[in-house]
Structure formats: structure tokens, C-alpha cells
Amino acid sequence: MSREIKLVAFLQAQNCTTIPAAWRHPDARADFTSAAYYQHIGKVLEHGKFDIGFFDDRLAMPDMYLGDHAHVIEHGIRAVKMDPTAVLMAMAMGTERLGLGATYSTTYHQPFHVARLFQTIDLMSNGRAAWNVVTSVNDNEARNMGRDKVIDHDVRYDRADDFMAAVLGHWDSWDEDAIVLDKQHGVFAKPGSVRRLDHDGPFYKTRGPFTVPRSAQGRPVLIQAGASGRGQTFAARWGELLFTAFPTFEIARRSYDSLKAACAAGGRDPDHMKIAALGFPIAAATKAEAEDKRAFYDTLPNDTDSLSLLSEALNYDFGAKGMDEPFTDADMAGLSGIQALRDRVVQQGVKNPTPRDFMQLTGRGRLNHAWVGGPKEIADIMEEWFTAPACDGFVIGPSWLPGSFEDFVTHVVPELQRRGIYRKDYTGTTLRDHLGLPKATLGDWK
Ligand SMILES: Cc1cc2nc3c(=O)[nH]c(=O)nc-3n(C[C@H](O)[C@H](O)[C@H](O)COP(=O)(O)O)c2cc1C
């Protein structure tokens, strides 16, 4: 079978998209706390034959900026953030084929809990679940979850390695045919087909036996988006669907090769690790119409949105500096959180950036690096990245909801299908089927 683009929808169980201004759009729906809202989006994505919709997560309000949450509440900067797994279940109940992913942190939960939660979703959705494995980024999350500060970057990933071994171990505790339900002889399941894990690792201890049977795709798909050196090593070790966010085609292409090589070097089949590049399409019937939409959208964000989200991502109060006051070397070294964001600014030649530089060079809080066009223009970009290859598919970031996905499915999906680089219909039922990943078997991750 020829290669086909994988499509991931970037979703948030919140009042806006990743761009705070999303809720200010006149066509944005206001019922973002209702199941109906997420089910509508799920149906749109399924109509567009998306592989998966996935919910991001953060365990705190972005209230690092100016050390207070008043601006977050006033401007609606991700002020509402609901539990992604509960929302995911609502979406699951309104869809039949769409894959369903949610983010959960290895830093603030226990492996048994996460293994049980996602395996349950996988069963309830007939094998459509995925877990986006993150290690969490900032002190505000730590403060909500029993700590004062976020754990050091690389240590978070060391802990996460141990966490993964425990989760996957639990998922392997039940044989596929364990349940026999023999009422006549009173045998529910074969005792020898359910094992205790007895995991005793450097960071986590969990005994088992695990309490959720195996699912139609074996176990949930693992998503990862590590971008630092340590993060990419982790992603290449465990990830089955990787998210990347790169400013240029060239960087994306090189990173694609190195991630696939790292995957192979670890003894895995690189084809069983799909890489999806982040993009923000503004699609319309014609290029001119799309440009009008973009011009209007650009009137919605404000500087507070950007400074707040930069503070959150880099674990630093950007309000402590004047807009044109450079970060000192010590300030730069002290930035933690999403280090790739800091590196992106430095790589663009600005060693001591000001908050204004950070805003301009990262585009955080605004629509940045958008693909603006009619079907042809957007499909051209996607086809170029996909065939290079710089990716196996795309994470489609919406600028407002549900309009962005409706426009993308109406205008771009048929063009991708016409070019023969995207499915016309689902051929399987599980998320692994959609992604071209084999059904998971016991021990295949070791
Ligand atoms: C598309 C995409 C989605 C992400 N979603 C989340 C998320 O929901 N929660 C989170 O804490 N981090 C999220 N991240 C951040 C990554 O997990 C990772 O921390 C980041 O890319 C920095 O890499 P590093 O951890 O190796 O420094 C996401 C990244 C990308 C590209």
C-alpha cells in the first residue's frame, strides 16, 4: 500500500484552542463545557477521516505572568482546563472510528492509575485510545500537585522511563484470551493468564495484578513530543506517534531522519513510529478568502496572551522585565520548561532576547507559521513535507472552533484525497489500524 498522510487534531478541553484569542472569534462556539461541543468536533473529524483527535493538558492555569491569575481570567487565556480523559470519553461516545488521545503526566500520577485509565478508555472505545506521555513543564503544575518546584528536566525523563516500564508491564499482565466466561464450570478467566507485575524500579514500585483486560488493539498507542536531546531519546525509545513542531522545512526534514535513525538504533522498526508535524491551516475555498480570514484573526490576540503563555512555557515571569529589556546570560540559563522554545530564539541569532523578541520569534499566543490558502496552496505544503519526507503526517492546530476543522475538512481533505495521499475511508477499526501500526503483542516493547 502506498504511504498515506496521518492526520491528528490538536484539541483542548478548555475555553480556547492553543491560541487564547480563539474564544474571541465571533464564530467560536460558547458551549465548550458541554459534551455536545466535543461530540460535534469529533463528528467533523471523523467525516474528514482523521486518524485521531488528541487533547493536550496542563495541570495549572498559566498564571506565572505577573505572579497572578487575574489576567488569565479576564482575558480567557486557557482559564478553563478540564480533565482531558473525561472529555475524551464524551467524544468517544459520539464517534465510531476516530482515534482518541489524551495527555497525562508521568510526573504527577502513578503508573498503575495511568495504565488503568487508558486501558479502560481503550476497551470502552473498541481499541481507539492513545496516551500522550508528558513529563510536565512548570512550577505552577508542581504547586498544584504536592511539590514546590518542577523536577529537573532530565530527571523527569529518567523517572518517565521507569514509569513506562511499569505501565507497559501492567498492560501485558493479561493474555488476550484470558477471559473464558464458562458459566457451566464457574470459570471466569484462566488463572495462569493473568500475572502479577511486581515492578520495583528506581523510581516506581507497583505490584499488580492489573485489573483491566487487554483491548482490541492490544494496548493504547503511545504519543510523545519530546524536543530536547533527552526528550527525543525518550520519544525514540517509547513513542509510536511523535509530534514535532519546527519552524522550517529543513529542520523538520533533518529531525525526521535523526528520529527515525534513533528509533532503529534502539532496535525498533522506524515504520512503527509515525511522526506528525504541527501546522495551523487557515483554509477557505480560495486563497484570497483565506487571507481575509487570517487578517481578521490577527486582530484578536493581544500581548498579554503572548507574555502569559511564554511565562508558562518557560517557567519565568516575563512581567519581571520591560518589553525591551534583554535577558541576561544568567536569565537565559535559568529558563526551564519547554527548552526547545528558548533554543528556537537563540538559534535565530538572538543571544540575549527581550520579551518583545521572544514574542516575535516564537509567535507564542498568536497564529504563527500558519498555512493560509485555498485547497491547492495548503495541499501543496502538506504534500511537500510528506513526500520529502519531513513527516508522516500532521498535527492540525485549530485557530478557532469548530470553524477551523470544518474549513479544513471541507476544503483541504478532498484535495489530499484527490492527490492519492490521504485515505478516502477508514479501512480498519482500531487506532493502530488507522496509523498502520501492528496490533500490540505481549513484550513487543522490550
Ligand atoms: C503538538 C504538541 C503537543 C504537546 N502537548 C503537550 C501537553 O499537552 N502537555 C505538556 O505538558 N506538554 C506538551 N507538549 C510538550 C512536549 O511534551 C515537550 O515537553 C516539549 O516538546 C519540550 O520537549 P522536552 O520535554 O524534550 O524539553 C506538546 C508538544 C507538542 C509539539
Leading residue by the ranking (farthest from the ligand (Cβ to nearest atom)) among those in region 83-98 that are part of a loop (DSSP other than H, G, I, E, B) and in contact with a strand residue (DSSP E or B) (Cβ under 9 Å, 6 or more places away or on another chain): THR95
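Give VAL80, VAL133 a once-over and let me know the one that is among the β-branched types (Val, Ile, Thr), surrounded by 15 or more Cβ atoms within 10 Å (Cβ to Cβ) and within 14 Å of the ligand (Cβ to nearest atom).
That would be VAL133, the only listed residue that is among the β-branched types (Val, Ile, Thr), surrounded by 15 or more Cβ atoms within 10 Å (Cβ to Cβ) and within 14 Å of the ligand (Cβ to nearest atom).
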Determine which member of the set HIS185, HIS170 is more than 23 Å from PRO209 (Cα to Cα) and in the same structural domain as THR103 (by TED's automatic domain parsing). HIS185
Pairs under 7 Å by beta carbon, first residue touching a residue at least 40 places away in the same chain (Cβ under 8 Å) in region 235-246, partner near the ligand (Cβ under 10 Å from one of its atoms) and of a type in the set (S, T, N, Q), six or more apart or different chains? TRP238/GLN224; GLY239/GLN224
What pairs come out if I take residues in region 203-226 that are in contact (Cβ under 8 Å) with a residue 12 or more places away in the chain and pair them with residues that are within 16 Å of the ligand (Cβ to nearest atom) and assigned to a loop (DSSP other than H, G, I, E, B) whose C-beta lies under 7 Å away, six or more apart or interchain? VAL221/GLU240; LEU222/GLY239; LEU222/GLU240; ILE223/GLY239; GLN224/GLY239
The listed residue being of a type outside the set (Ser, Thr, Tyr), surrounded by fewer than 17 Cβ atoms within 10 Å (Cβ to Cβ) and assigned by TED's automatic domain parsing to the domain that holds LEU241, out of GLY403, GLY393, GLY428, GLY397: GLY428
If you check ARG342, ARG356, which single one turns out to be in a helix (DSSP H, G or I), basic (Lys, Arg) and modelled with pLDDT under 95? ARG342
Can you find, within region 253-289, the residue that is farthest from the ligand (Cβ to nearest atom) among those that are touching a helix residue (DSSP H, G or I) at 6+ places or on another chain (Cβ under 7 Å) and assigned to a helix (DSSP H, G or I)? LYS287
Within region 1-35, the count of residues that are without any contact (Cβ under 8 Å) to a residue 24 or more places away in the chain and either part of a helix (DSSP H, G or I) or within 15 Å of GLY403 (Cα to Cα) (or both) comes to 3
Determine whether ALA245 is crowded, with 16+ Cβ neighbours inside 10 Å, among the small types (Gly, Ala, Ser) and closer than 30 Å to GLU4 by Cβ. yes
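The values are calculated or read from the model by the stated rules, or taken from the named source; none is laboratory data. The shown structure was predicted, so the numbers you read here are calculated from the model rather than taken from an experiment. Cβ atoms come from the backbone with ideal geometry, glycine included; neighbour counts cover every protein chain shown.
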